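Here's the structure, in structure tokens; my notes come after.
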Amino acid sequence: MRTVLHLIETVGAGGAERVLVDLVRRTDHGRWRCAVVLPWEGGWLFDQLRTEGIETRIVRETSSFDIRSLLRTGAIARDLRVDVIHSHLFGSTVRAGLLSRLRQIPAIGTIHGHLDLKPGERFHLLKTGIVRFGLRRVVFVSEGLRQSCARPMGLAPSQTAVIHNGVDPKVFMPATSPSEFRQEFGLRADEFVVGYVGRLQPIKRVDVFLRAAAILSSSTPKYRFVIVGNGDPAYTQSLIAMRDALGLTDSVTFVGFRPDVQRAMAAFDVYALTSQSEGFSLSTIEAMASGVPVVATRCGGPEQILDDGISGLLVNNGSPEGVARAIHRLRLDSAERRRLGDAGRAAVLARFTVDVQVANYERLYEEVLTSAMTRLTIADNHLGVSDRRAE
């Protein structure tokens, strides 16, 4: 039994947190024991870990270089006899690099998106140096993200890996009956529902989604738009004000955070992703697994996931007109909707299941442990030679 200690700096319900939950839930418990260090109690992630019965420790931090918190985390790693450290998001990956050096424990870190990296932030070069020299492997969730981030971080190709996020196709699956979600929010059977799921933050460009909704609503009746997710209250209010200013009060519904994302996906006729930048986009593969055709901007992640015209539709980044045209095209062609939905689910089953994701991480844990043992053996042999020479 080996122990993996996960580090993460947030407790929300974003992609990184959901990946962590999948890992601690699905990792082979006969071979791997999982523990997690969180910055505070409470929040979606804390609740999920408590439900799963996962060993969870709280270490409050004031900065990436908080020595007290680093020493506390090091003591936890010692007490739990940790074999591998796995960090999520850049800040935690910096701490994993320091902790790996402090405790001589091999570490890997997962970068989930461009937003993880802030080149202009204080001590950025020092932080990337710690990651470069402190981690055995840096994982990117898509090849595009690796290509754009590895070189600026100074990482050698051999120090990087790509492991795609995955979903459970038994949870996210095509709807077989009228959706209770539609009934809950007053969505009629004859309305064409376009959905978005994710955090409400500027990089997600929900404003583009709203402008596309305005174009569609002005030309064709019976469109409904559903936005699932939460974010900074002030920013969320600005989006609601924009909706109202565009005359969409009755056709666009903000439903907030939902723990039952699979029910929301099953209620959509089309899923629209209008982000400016995505490292991968977990919500896109959730929609595809649900058999829902996807319209996505060319923002990095979707190009790695779907083939334009085959398993989804890609449109120009930042173009509400392009998003609106693609959605309307699918509304007019039910056969194409079915074809894209079926092809999207097939693509997920072939490449993006959570079982494949977890197996890839388990192989990586084994790889870094084997590498660490080899280094120790070489070092021990070297010391043995030196001792004999001294005699």
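Filter the range 342-357 for residues that are free of Cβ contacts under 8 Å to residues at least 60 places away in the same chain and more than 14 Å from residue 269 (Cβ to Cβ) and give the result.
Start the filter on the range 342-357 by keeping residues that are free of Cβ contacts under 8 Å to residues at least 60 places away in the same chain, which leaves 342-344, 346-347, 350.
Once the filter is applied, which keeps residues that are free of Cβ contacts under 8 Å to residues at least 60 places away in the same chain and more than 14 Å from residue 269 (Cβ to Cβ), the range 342-357 yields 342, 343, 346, 347, 350.
Yes or no: the range 278-287 includes at least one residue that is under 16 Å from residue 196 (Cα atoms), modelled with pLDDT of 95 or more and surrounded by fewer than 24 Cβ atoms within 10 Å (Cβ to Cβ). No.
Each row is one residue, and each column tells you yes or no for (1) touching a residue at least 24 places away in the same chain (Cβ under 8 Å); (2) on the phi > 0 side of the Ramachandran plot; (3) under 25 Å from the mean Cα position of the chain (by Cα); (4) not in a helix (DSSP H, G or I).
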site	(1), (2), (3), (4)
189	no, no, no, yes
208	yes, no, yes, no
216	yes, no, no, no
241	no, no, no, no
262	yes, no, yes, no
296	yes, no, yes, yes
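Residue 177 fulfils the conditions (1) within 18 Å of residue 327 (Cβ to Cβ); (2) part of a loop (DSSP other than H, G, I, E, B) except for a single criterion, (1). Beta carbons closer than 8 Å, at least 6 apart along the sequence or on distinct chains, pair a first residue in the range 18-30 that is touching a residue at least 24 places away in the same chain (Cβ under 8 Å) with a second that is of a type in the set (Gly, Ala, Ser) and outside any helix (DSSP H, G or I) for 22/166. Evaluation of residue 139 against the conditions (1) of a type outside the set (Gly, Ala, Ser); (2) at pLDDT 95 or above; (3) at positive phi shows that the sole unmet condition is (3).
For the range 295-326, what are the residues that are of a type in the set (Val, Ile, Thr) and in contact with a Leu (Cβ under 6 Å, 6 or more places away or on another chain)? It would help to see each step written out before you state the result.
Residues of the range 295-326 of a type in the set (Val, Ile, Thr): 295, 297, 305, 310, 315, 323.
295, the sole residue that qualifies.
Considering only helices (runs of 4 or more DSSP H) fully contained in the range 41-130, which possess at least 2 residues that are among the small types (Gly, Ala, Ser) and buried (at least 17 other Cβ atoms within 10 Å of the Cβ)? Walk me through it before giving the result.
Numbers: elements: 43-52, 67-79, 90-103.
Those helices (runs of 4 or more DSSP H) span 67-79, 90-103.
In the range 230-272, how many residues are closer than 30 Å to residue 173 by Cβ, aromatic (Phe, Trp, Tyr) and in contact with a Leu (Cβ under 9 Å, 6 or more places away or on another chain)? Result for the range 230-272: 1. Of the residues examined, residue 385 is not one that is at pLDDT 95 or above, hydrophobic (A, V, I, L, M, F, W, C) and in a helix (DSSP H, G or I). With respect to (1) without any contact (Cβ under 8 Å) to a residue 60 or more places away in the chain; (2) buried (at least 19 other Cβ atoms within 10 Å of the Cβ), the lone exception for residue 195 is condition (1). Of the numbered criteria (1) among the aromatic types (Phe, Trp, Tyr); (2) closer than 18 Å to residue 17 by Cα; (3) part of a helix (DSSP H, G or I), the one residue 133 fails is (2).
Would the range 182-189 turn up any residue that is more than 30 Å from residue 26 (Cβ to Cβ), buried (at least 16 other Cβ atoms within 10 Å of the Cβ) and at pLDDT 95 or above? Full working, then the answer.
To start, the set of residues in the range 182-189 that are more than 30 Å from residue 26 (Cβ to Cβ) comprises 182-183, 185-189.
Add one more test, that the residue is buried (at least 16 other Cβ atoms within 10 Å of the Cβ), and what stays is 182, 187.
From what's left, at pLDDT 95 or above: none.
No: zero hits.
Residue-wise test of (1) buried (at least 20 other Cβ atoms within 10 Å of the Cβ); (2) touching a residue at least 60 places away in the same chain (Cβ under 8 Å); (3) farther than 17 Å from residue 209 by Cβ; (4) not polar (S, T, N, Q).
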site: 271; (1), (2), (3), (4): yes, yes, no, yes
site: 313; (1), (2), (3), (4): yes, no, no, yes
site: 320; (1), (2), (3), (4): yes, yes, no, yes
site: 323; (1), (2), (3), (4): yes, yes, no, yes
site: 327; (1), (2), (3), (4): yes, yes, no, yes
site: 332; (1), (2), (3), (4): no, no, yes, yes
site: 335; (1), (2), (3), (4): no, no, yes, yes
site: 340; (1), (2), (3), (4): yes, no, yes, yes
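The values are calculated or read from the model by the stated rules, or taken from the named source; none is laboratory data. Remember, predicted model here, so these are calculated numbers, not experimental data. Using ideal geometry, Cβ is built from the backbone for each residue, glycine included, and neighbour counts are taken over all protein chains shown.
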